[in-house]
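Structure first, then comments.
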Amino acid sequence: MSSEKSEAIVLRAVPWSETSFVVTLFTRDFGRVSAIAKGARRLKSPFESSLDLLAKSHVVFIHKGHDTLDLLTEAKLSRRFRSGQIALLPLYCGYYVAELLLSLTEDHQKLNDLFEICDQTLIDLDSGFSPPELVLRFEMQLLRVLGHLPTFHLCASCGNPVQSHGSGQDTRLGIAAGGVLCPECLPGQRHVLRITAPVLEYLMEYATQPWEQMPTSIEPECRGELRFVMERFISNLADKRLRLTDFLEELKR
Ligand SMILES: [Zn+2]
């Protein structure tokens, strides 16, 4: 058992006993951590508001080892997530960021840069920046860090270059295959989407641009198709439809 310190963002808090929560934290140094926060449900909790959803805190926890919940011993609030004061959409986008991290990462999986990317996304949502762009940027960076970015130039099945690029024609994206497909490989593929040229351009641009750059604004007429593609791609990876997807309809407008 060792005592560890890190910065953390609260992804979830579930009642554990009459007085305790089990919290899932996304930490800068240890990735996702699940820990018991004893006394956190008391009126005078030692953790105060540091365990509110998406709050950022300095935490100390005891790592108990494989298959056992860690024990949270300290949490000191450094920033609240305030998007709820702006509107519902940025609030739900923040919850969606949490659901993505809960669904696609594992406890104690160290993920370079992902804490920074999550932190900055929440700051930008709180600052009132446009949610459709912030969400797509976060999704693409998450896929990049996890090694799940779709292929865009080479066929995900045979590896040959896919010719439709730059021709203005639609491209076929294999959701299960994990990228674009050439005409020879199309037959027999499951979950294939037809992607228009401008949407493919956005996907490629967001997949390659540095995350700290403010994302390029997305034309409203492309937003619906982009959300459709990302929903399918992420549902396939997570093996389920994410709950928050139903609250993000406004991102399509
Ligand atoms: Zn092919």
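No lab work stands behind these numbers, since they all come straight from the coordinates. Everything numeric in this text was worked out from a predicted model, so none of it was measured. When we count neighbours, we look across all protein chains shown, and the Cβ atoms used for this are built from the backbone with ideal geometry, even at glycine.
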If you take the charge dipole of the stretch 1-80 about its Cα centre, with +1 on Lys and Arg Cβ and -1 on Asp and Glu Cβ, which of Ser3, Gly65, Trp16 is farthest toward its positive end? Trp16
What is the magnitude of the charge dipole of the chain about its Cα centre, with +1 placed on the Cβ of each Lys and Arg, -1 on the Cβ of each Asp and Glu, and no other charges, expressed in debye to the nearest 20? 640
Is it possible to state the helix-based mean residue ellipticity at 222 nm for the chain, with each DSSP H run of 4+ residues giving -39500 (n - 2.57), the sum divided by total residues, to the nearest 500 deg cm²/dmol? What is it? -10000 deg cm²/dmol
Can you check what the net charge comes to around Gly174, using other residues whose Cβ is under 15 Å from the Cβ of Gly174 (Lys, Arg +1; Asp, Glu -1)? +2
Computed ³J(HN,Hα) along the stretch 64-81: with the Karplus parameters 6.51/-1.76/1.60, θ = phi - 60°, integer Hz and x for glycine or proline, the list is 8, x, 3, 6, 10, 5, 6, 10, 7, 9, 8, 8, 10, 4, 10, 7, 8, 8
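Just subtract the alpha-carbon distance of Asp67 and Thr19 from 0.36 nm times their residue separation and send over the number in nm, one decimal.
Extra length available between Asp67 and Thr19 comes to 15.0 nm.
Cross-link list Lys5/Lys44; Lys5/Lys64; Lys38/Lys110; Lys56/Lys76; Lys44/Lys76; Lys5/Lys76: which exceed 19 angstrom alpha carbon to alpha carbon?
As for pairs spanning more than 19 Å Cα to Cα, those are Lys5/Lys44; Lys38/Lys110.
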Modelled label-to-label distance, Leu244 and Lys76, 7 Å Cα→beta-carbon offset: nm? 2.8
Within 15 Å, Cβ to Cβ, of Leu71, how many net charges do the neighbouring residues add up to if Lys/Arg are +1 and Asp/Glu are -1? -2
Name the residue from Leu200, Cys185, Ser78 whose Cα lies farthest towards the positive end of the charge dipole of the stretch 75-214, charges +1 on Cβ of Lys and Arg and -1 on Cβ of Asp and Glu. Ser78
For the chain, just the Cα set please: Rg and Dmax, both in angstrom. 19.9, 65
For the stretch 1-80, calculate the relative contact order in percent as a whole number, restricting contacts to Cα pairs under 8 Å that are 6 or more residues apart. 32
The chain, relative contact order in percent, only Cα pairs under 8 angstrom and at least six apart counted: 14
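Below 14 angstrom from the Cβ of Ile218, what's the summed charge of the other residues (Lys, Arg +1; Asp, Glu -1)?
Numbers: positive: Arg137, Arg223, Arg227, Lys252, Arg253; negative: Glu133, Glu139, Glu201, Glu205, Glu219, Glu221, Glu225, Glu250.
Net local charge, Ile218 excluded: -3.
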Could you tell me the distance between the Cα centroids of the stretch 20-56 and the stretch 114-152, to the nearest Å? 23
Kindly write out, for the stretch 230-243 in residue order, the coupling ³J(HN,Hα) from the Karplus curve 6.51 cos²θ - 1.76 cosθ + 1.60 (θ = phi - 60°), rounded to whole Hz, with x marking Gly and Pro. 5, 4, 5, 5, 6, 4, 5, 5, 7, 6, 6, 7, 5, 4
Taking R0 as 45 Å and r as the Cβ-Cβ distance between Leu43 and Leu193, the FRET efficiency 1/(1 + (r/R0)^6), rounded to the nearest 0.05, comes to 0.30
Taking placed amide H atoms and a strict 5 Å upper bound, the residues 5 or more places from Arg41 or on another chain that come that close are Ser20, Phe21
